[in-house]
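The values are calculated or read from the model by the stated rules, or taken from the named source; none is laboratory data. It should be emphasised that the depicted structure is a prediction, and the values quoted were computed from it without experimental measurement. No Cβ is skipped: glycine too gets one built from the backbone with ideal geometry, and neighbour counts run over all protein chains shown. The area values use the complete protein model at the heavy-atom level, side chains included, leaving out ligands, DNA and RNA. Shrake-Rupley method; radii C 1.70, N 1.55, O 1.52, S 1.80 Å.
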There are 2 protein chains.
Amino acid sequence: MSLRYALLGLTAAFPSTGYELARIFDRSLDYAWHASHSQIYPELKRLSDEGLVEVVGEGARNSKSFAATAAGRQVLREWLVETEPVRKVRDESSLRLFLTSLLEPADRLTVLRRELAHLEAHMEELDRLAKETASRATPSAFASMIDLGQRVMPVTRGWLLDAIAQAESGLPDALT
Amino acid sequence: MSLRYALLGLTAAFPSTGYELARIFDRSLDYAWHASHSQIYPELKRLSDEGLVEVVGEGARNSKSFAATAAGRQVLREWLVETEPVRKVRDESSLRLFLTSLLEPADRLTVLRRELAHLEAHMEELDRLAKETASRATPSAFASMIDLGQRVMPVTRGWLLDAIAQAESGLPDALT
DNA sequence: CACTACATGTAAGCTGTTACATGATTGG
DNA sequence: CCAATCATGTAACAGCTTACATGTAGTG
């Protein structure tokens, strides 16, 4: 169900095409919720059938802009305000970090270094996004999430650096 | 596929029953990867059919302990060392934090405060777990993950406190 | 004119959730 | 002896991935 609320929120903030929504997931929401276009288009159709979003404009290349309706915004609000939060994270990176601790130091170093490179690439991407966001008039929801990412990632990076230092000094926990 | 690697890792670290694995997911792995028993039992059966785990003991109440075989550990190692990390996070809490920014300040406060309470409960739980882990001989993989959580959560907490302070001062971004 | 980015969709198969179902052991 | 916890499973359904499929508009 989370996907539909994500779509309701985004289209409530500003009318978007399915394609644009897919890009938003890909660029800014990827560390909160992942979704691909093949999931987004059918869900938009369903939401539209249920009157929770509506087409508010058609552009070039047969594109359609969707916006959340009053009913849609209401459904979103109810979900946020009335549903107890649940903790059902699925984050392959975190899982990998956990499992990596089980490898022998040589393999562990390989994996940790690659994870670090990935994280740093992601951090740069976020910094770029933050600059873009600052220069344009972007809803503050995005700025907040970018801020959260910019606070959390350096901490994860610190953990990785420590783990790498420890693996380099050749410590315990061999799997093989 | 992540579930099977998680199970291979856990059973490689120490033989476990399906029930124990379900508890581990529930208590320590929940902020990396979530899985329920109805998914764990069939997957263990499949892994066992494929020779990647094996039954290493039977206990009370028809319980069976599984351990990763050499082949299973090899499959896990290959996945960790040879697969490029992907970023397909699904974290409802993060999504909610994002969407909450779209609500009017009154609702936003309600939701943020509840998220804060949840996070703080989770932090306490982690602290308890950290103590348990320190007193017993637990594999350091768990200690590492707890450490990561203990580093990351206070940062998220800080973000939440800032967001709450901002909402209290009655700032922008009303959805309705 | 070719390439890239824009733009939307479908279908088969796999993964994950919710609900149902059953039974054993321990502690109060 | 009753409730809670331990312990394992299945089935229907919902959600997600991968691959296929098609076409448009802008840029060099």
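Of the helices (runs of 4 or more DSSP H) lying entirely inside region A:1-118, the ones with 1 or more residues being more than 14 Å from chain B (Cβ to nearest Cβ) are found at A:18-27, A:37-49. Considering A:Glu58, A:Glu50, the condition of being in contact with a strand residue (DSSP E or B) (Cβ under 6 Å, 6 or more places away or on another chain) and either on the phi > 0 side of the Ramachandran plot or within 13 Å of DNA strand D (Cβ to nearest atom) (or both) is satisfied by A:Glu58 alone.
Check whether at least one residue in region B:75-85 is near DNA strand D (Cβ under 10 Å from one of its atoms) and not hydrophobic (A, V, I, L, M, F, W, C), and report yes or no. Before the answer, list the steps.
Applying the first criterion (near DNA strand D (Cβ under 10 Å from one of its atoms)) to region B:75-85 yields none.
So far as region B:75-85 goes, no, none of its residues is near DNA strand D (Cβ under 10 Å from one of its atoms) and not hydrophobic (A, V, I, L, M, F, W, C).
Filtering B:Leu102, B:Leu95 for residues that are open to solvent by less than 20 Å² (accessible area, probe 1.4 Å) and within 16 Å of DNA strand C (Cβ to nearest atom) leaves a single hit, B:Leu95.
All of (1) facing another protein chain (nearest Cβ under 9 Å); (2) touching a Pro at 6+ places or on another chain (Cβ under 9 Å); (3) touching a residue at least 40 places away in the same chain (Cβ under 8 Å) hold for B:His122 with one exception: (2). In the set (1) away from DNA strand C (no atom under 16 Å from the Cβ); (2) modelled with pLDDT under 95; (3) open to solvent by 50 Å² or more (accessible area, probe 1.4 Å), the condition left unmet by A:Asn62 is number (1).
Determine, yes or no, whether B:Gly51 is surrounded by 20 or more Cβ atoms within 10 Å (Cβ to Cβ) and not basic (Lys, Arg). Spelling it out, it is not the case that B:Gly51 is surrounded by 20 or more Cβ atoms within 10 Å (Cβ to Cβ) and not basic (Lys, Arg).
Picking from residues in region A:119-151 that are outside any helix (DSSP H, G or I) and not basic (Lys, Arg), the one that is most open to solvent (accessible area, probe 1.4 Å) is A:Ala137. If you go through region B:20-37 one residue at a time, do you hit one that is touching a helix residue (DSSP H, G or I) at 6+ places or on another chain (Cβ under 6 Å) and open to solvent by 50 Å² or more (accessible area, probe 1.4 Å)? So far as region B:20-37 goes, yes, one or more of its residues are touching a helix residue (DSSP H, G or I) at 6+ places or on another chain (Cβ under 6 Å) and open to solvent by 50 Å² or more (accessible area, probe 1.4 Å).
Quick check: anything in region A:19-38 over 18 Å from the mean Cα position of the chain (by Cα) and more than 21 Å from B:Pro85 (Cβ to Cβ)? There is no residue in region A:19-38 that is over 18 Å from the mean Cα position of the chain (by Cα) and more than 21 Å from B:Pro85 (Cβ to Cβ).
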